[in-house]
Amino acid sequence: MVSIDAKLNEDLHKMIQDHFEIEKKGRGIAFSIPFKRWQADNRVEQSPNTTSVKHHCIMTIVDRGKSGDCIKAARLAGSRGGTVIHGHGAGVPVNYYYPLAIEPQKDVVMVLASNDELNPVRERICKDLELDKPGNGIIFVLPVSHISGLLKRRKG
């Protein structure tokens, strides 16, 4: 993850494409998420290119070991896959069961979806992982303003 000025976005994607050859199958995907920037006077500056969003990143945070179920649900709804990042929960206190300390371990699952795929994929993940029940996870969606390495693969 890199935070850059919107003016450098195209150049960075070009450099990533050239260096990592992500337009080739199996080489990776790069995408940009526009951020709002807070000014000193509490004004919010919206990043450009948010009006023509054609893709979204569905972020799901679940207990470690549930990421496979999340990817399976996304695929059943039409997605081609996703990316899993392993992490530790930081907002919940550690539970101590002498002599063990149990720390919450989480999986963050990122799935890119077009506007047409967004609702079916999100709804299938919510349903299959029962995210409406407390403690089963959280899901949220972020707009994606630029993608490299995904579109050509879908066409070919």
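Show which aspartates and glutamates lie in cross-link reach of LYS54 when reach means a straight Cα distance below 14 angstrom and same-chain residues fewer than eight apart are skipped.
Candidates past the 8-residue exclusion: ASP116, GLU117.
Could you please report the charge total around ASP107, scoring K, R as +1 and D, E as -1 over all other residues with beta-carbon less than 9 angstrom from its beta-carbon?
Taking every Cβ under 9 Å from that of ASP107, the sum is +2.
Where a number appears in this text, it was derived from the coordinates with a stated rule and is not lab data. These numbers come from a predicted model, not from an experiment. Counting neighbours? That spans all protein chains shown, and the Cβs are built from the backbone with ideal geometry, glycine included.
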